[in-house]
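The values are calculated or read from the model by the stated rules, or taken from the named source; none is laboratory data. Everything numeric here is computed off the predicted structure, so don't read it as measured data. Cβ sites come from the backbone with ideal geometry, for glycine too, and all protein chains shown count toward neighbours. The area values use the complete protein model at the heavy-atom level, side chains included, leaving out ligands, DNA and RNA. Shrake-Rupley method; radii C 1.70, N 1.55, O 1.52, S 1.80 Å.
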Amino acid sequence: MQKNDRDMEIKSAVFVVSNASVDKCPSSDMPEYAFIGRSNVGKSSLINMLTNNKKLAKTSATPGKTLLINHFLINGKWHLVDLPGYGYARRNKKEVEKLQQIITSYILKREQMVNLFVLIDSRHEPQKIDLNFIEWLGENGVPFSIVFTKADKSKASQLQSNVARFVKVLKEQWEEIPPCFITSSETKTGRTEILNYIDKINGTLSKQSQQIQKE
Ligand code: GTP
Ligand code: MG
């Protein structure tokens, strides 16, 4: 086994806390990786797939399951964060605004968040709501990458053409395309790629902090 494989192994994944405000999130300075996207896109399922624990984050076939910021501690060293989805219309205006506020303040204020995974349903053509959201991330300088979900639900050719279309639309706005991952929480496609990506960022951060301590 190579060193890298061992490092990104999930040895423990523990629920820490749920809350409705970024100010109440864990105060430790461990790096964290959050998941955002439309309601029902598969954020909570992806966290369960990455951690090999189907019961860790609550999932549902009905949109609007996750309504709070949920922290999960991984290997005692970093957090995965499950967020509520955006774009779920079947709620009253006040509730929609409240969710929006939770999501926005977390994304803009949470300094520990080193990467936001933006989940896109791989079955659909590019959706305005996702493109607008990504544009907003760009305007605010939020570090993000893209995860196409539910890859098991389409034929390979359809999947490739949907992903290609989305990337093409992104290229109209961005000079450089962020890292993109194709995943399925059913078949575990993309698991190693995402965990390696996280491991790489964690490695860079820990080198940086060792450097600062030396100085
Ligand atoms: P909210 O919390 O409501 O915003 O939704 P979410 O984005 O957390 O979605 P969740 O993980 O709860 O999944 C929504 C539904 O999609 C559930 O019925 C999941 O079983 C299903 N689902 C999620 N990921 C996949 C996948 O990769 N493949 C398939 N076939 N189904 C999936
Ligand atoms: Mg959820």
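Kindly work out what percent of the DSSP beta bridges joining two residues of the chain are antiparallel, to the nearest 5. Counting DSSP beta bridges with both partners in the chain, the antiparallel share is about 35 percent. Per-residue Karplus couplings for the range 141-154, computed as 6.51 cos²θ - 1.76 cosθ + 1.60 with θ equal to phi - 60°, are listed in order as x, 7, x, 9, 9, 10, 10, 8, 9, 6, 4, 5, 8, 10 Hz, Gly and Pro entered as x. Protein heavy-atom surface of the range 13-206, 1.4 angstrom probe: 50% of the accessible area is carbon and sulfur, with nucleic acids and ligands not counted. For the chain, a Gaussian network of Cα nodes joined below 10 Å ranks 44, 157, 12 by mean-square fluctuation, and the top entry is 157. Each eigenvalue of the Cα gyration tensor of the range 110-204, multiplied by 5 and square-rooted, gives one semi-axis; in descending order these are 21, 19, 11 Å. Overall shape of the range 37-131 was characterised from the C-alpha gyration tensor. The equivalent ellipsoid obtained from it has semi-axes of 21, 17, 14 Å, in decreasing order.
Rolling a 1.4 Å probe over the protein heavy atoms leaves residue 165 with an accessible area of roughly 120 Å².
A 1.4 Å probe run over the protein chains yields, for the chain, 56 Å² of accessible area per residue, whole-number rounding. Once C-alpha pairs closer than 8 Å and six or more residues apart are averaged by separation and normalised to the residue number of the range 13-206, the relative contact order reads 23 percent. Give the Debye-formula value of log10 I(q)/I(0) at each listed q (0.16 Å⁻¹), with one equal scatterer per alpha carbon of the range 12-59, two decimals each. Values returned for q = 0.16 Å⁻¹ are -0.53. Multiplying the sequence separation of residue 204 and residue 123 by 0.36 nm and subtracting their Cα-Cα distance, what value in nm do you get? Extra length available between residue 204 and residue 123 comes to 25.8 nm. Highest GNM mean-square fluctuation, the chain, Cα pairs closer than 10 Å: which of 140, 40, 115? Result for the chain, Cα springs under 10 Å: 140 fluctuates most. Only Cα pairs within less than 10 Å get springs; with that Gaussian network setup on the chain, which residue of 177, 194, 102 has the largest fluctuation? The residue that fluctuates most here is 177. Average projection, convex hull of the Cα set of the range 13-206: 10.5 square nanometres. Model label points for residue 174 and residue 77, set 7 angstrom from Cα along the Cα-to-Cβ axis, are 2.7 nm apart.
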